[in-house]
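Worksheet: the structure to be examined is printed underneath.
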Amino acid sequence: MTAPLRTGFVSAVVGAAVTLATAGQVAAAPADGTAYAIGKCFAAGDVPVVQPSRFAYNCDETGVMQDMTWSSWGADGARGTGFDNAVECQPNCAQGTRLVNPIVVHAWNPRTPTMPGCPPGVQFFADMSIAYPKAAPPWIKPGTTWDTGTDFVTVDGMPAVHYSGLTPRCS
């Protein structure tokens, strides 16, 4: 192996190891050939990750699921627990207070993306709820809507946010 090829190979292996250590497991197709990933915030060039230990659900660092442990992940959906680390954007997001709360996450409704450039063999969960069993951020008010596809609801008696219509942006 020549030096440039060896360097590129080592970089790829190190990059994959960092992805595994920080974000979960790189999507690998199970026996039926389909892998599952969260569709929210997936963009062209991203590597599909299953069972992420950390996931920036606002597509930036203002809302992050962290220390996630998943009890299930597959065609029937995903269930996990961890912590929400979110910014209360008052007076603005740069100066806002970070709020850390336990969460229960459920993702479901896996869909094969129709957008060109999406990875083959991966279905993305189109729905996801983040429920707060102890304390919810002050903006989580069941019965209200933040934006199209982002509704505040109650899940199993807990205040929650439900994201619907999640689709990857692959091209």
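The values are calculated or read from the model by the stated rules, or taken from the named source; none is laboratory data. This is a predicted model, so every value here is computed, not measured. Cβ placement follows ideal geometry from the backbone for every residue including glycine, while neighbour counts extend to all protein chains displayed. We work out accessible area using only protein heavy atoms, side chains counted, and drop any ligands, DNA or RNA first. Shrake-Rupley method; radii C 1.70, N 1.55, O 1.52, S 1.80 Å.
Legend: residues Val155, Val47, Val64, sorted from most to least accessible area (1.4 Å probe; ligands, DNA and RNA excluded), read Val47, Val155, Val64.
Placing a label point 7 Å from the Cα of Gln95 along the Cα-to-Cβ line, the residues of the range 54-73 whose backbone N sits under 19 Å from it are 62. Say R0 is 22 Å: what FRET efficiency, to the nearest 0.05, do Met115 and Cys59 get from their beta-carbon distance? Once the sixth-power term is evaluated, E becomes 0.85. Ordering Glu88, Glu61 by accessible surface, largest first, gives Glu61, Glu88; the 1.4 Å probe counts only protein heavy atoms, with every chain in place. Of Met158, Met128, the order by accessible heavy-atom surface (1.4 Å probe, DNA, RNA and ligands excluded), from most exposed downward, is Met158, Met128. Extension gain for Ser71 to Ala44 (0.36 nm times residue separation, less C-alpha to C-alpha distance): 6.9 nm. Computed from the alpha carbon positions, the gyration tensor of the range 32-171 leads to an equivalent ellipsoid with semi-axes of 25, 17, 14 Å, biggest first. Given R0 = 35 Å, the distance between the Cβ atoms of Thr34 and Thr81 translates into a calculated FRET efficiency of 0.90.
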